[in-house]
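First the structure, in the form of structure tokens, and then the observations on it.
The values are calculated or read from the model by the stated rules, or taken from the named source; none is laboratory data. Fair warning: this is a prediction, and the values are worked out from it, not measured in the lab. Methodologically, a virtual Cβ is constructed for each residue, glycine included, from the backbone with ideal geometry; neighbour enumeration extends over all protein chains shown.
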Amino acid sequence: MSGPEISTLVHIIFGFLIAGAVLFQWRAVFPAVSSESGGDAVREAIRKRWAPIAQLGILVILVTGIYQFMVIGMPKADLQKEAELVGPSYHMLFGIKFLFAMGFFFIAAAMSGRSEALAKIREAGATWAGLVATLLVIGILVITRLLVLIPASG
Ligand code: HEM
């Protein structure tokens, strides 16, 4: 496997795990824990274990994503321009994906963080925050599909 292929595989594995965990937190962990007595202690125990994995996952997705943009994305965007291919621009789609990913990472980090300023997002983990994060992931995957379909060679 080439460098970009390995990077893409690592990117997909970490994206899948972190996105799946946020869905699980939204629909299972937050609603179940908040309705139990002693919920705060259980929630803190889960948060402490999960936070380093979430942080590592976000870092790996970012590093592999930037690498892929340089070695796969930029040549595709150049080809699209040179060959005057029809369809949405690679740079525009990538820009939207990046913004969605930043929004998703912000909620995922807030859900497993300790900052007092982000306590409101943690409290909303079972409601809107989990829902927004899940919708952002769906948006990211739809846009990624469009990016992958843009040809890499003529
Ligand atoms: C939770 C966040 C993310 C998820 C779930 C995700 C998921 C994916 C998936 C499934 C692929 C498909 C690869 C393939 O089928 O060949 C991909 C490709 C890619 N991702 Fe991400 N990604 C995320 C965040 C990011 C970020 C933050 C960046 C940039 C910094 C990025 C840049 C890319 C690039 C450039 C590609 C290659 C697209 C192409 O083939 O033209 N991704 N991503």
Next item on the list: Write out, first by first residue and then by second, each pair whose Cβ atoms fall under 9 Å of each other, whose residues are 6+ apart or on separate chains, and whose first residue, in the range 61-74, is touching a residue at least 24 places away in the same chain (Cβ under 8 Å) while the second is of a type in the set (D, E, K, R).
Entry: Gly65/Lys97
Item checked: Sole exception among (1) free of Cβ contacts under 8 Å to residues at least 60 places away in the same chain; (2) assigned to a helix (DSSP H, G or I); (3) surrounded by 13 or more Cβ atoms within 10 Å (Cβ to Cβ) for Arg145, by number -> (3)
Check: What number of residues within the range 2-56 are of a type outside the set (Lys, Arg), under 15 Å from Arg114 (Cα atoms), more than 16 Å from the ligand (Cβ to nearest atom) and without any contact (Cβ under 8 Å) to a residue 40 or more places away in the chain?
Finding: 7
Next item on the list: Give the residues of the range 1-30 that are of a type in the set (A, V, I, L, M, F, W, C) and in contact with a Gly (Cβ under 9 Å, 6 or more places away or on another chain), sorted by residue number.
Entry: Phe14, Leu17, Ile18, Ala21, Val22, Leu23, Trp26, Val29, Phe30
Note to self: Looking only at residues that are away from the ligand (no atom under 11 Å from the Cβ) and part of a helix (DSSP H, G or I) in the range 123-133, which one is modelled with the lowest pLDDT?
What the structure shows: Glu123
Notebook entry, point to check: Would a scan of the range 110-122 turn up a residue that is farther than 13 Å from Phe30 by Cα, near the ligand (Cβ under 10 Å from one of its atoms), touching a residue at least 40 places away in the same chain (Cβ under 8 Å) and of a type in the set (Lys, Arg)?
Noted result: no
Checklist line | Residue satisfying condition, being modelled with pLDDT of 95 or more, touching a Phe, Trp or Tyr at 6+ places or on another chain (Cβ under 8 Å) and not charged (D, E, K, R), within set Ile107, Ile143 | finding: Ile143
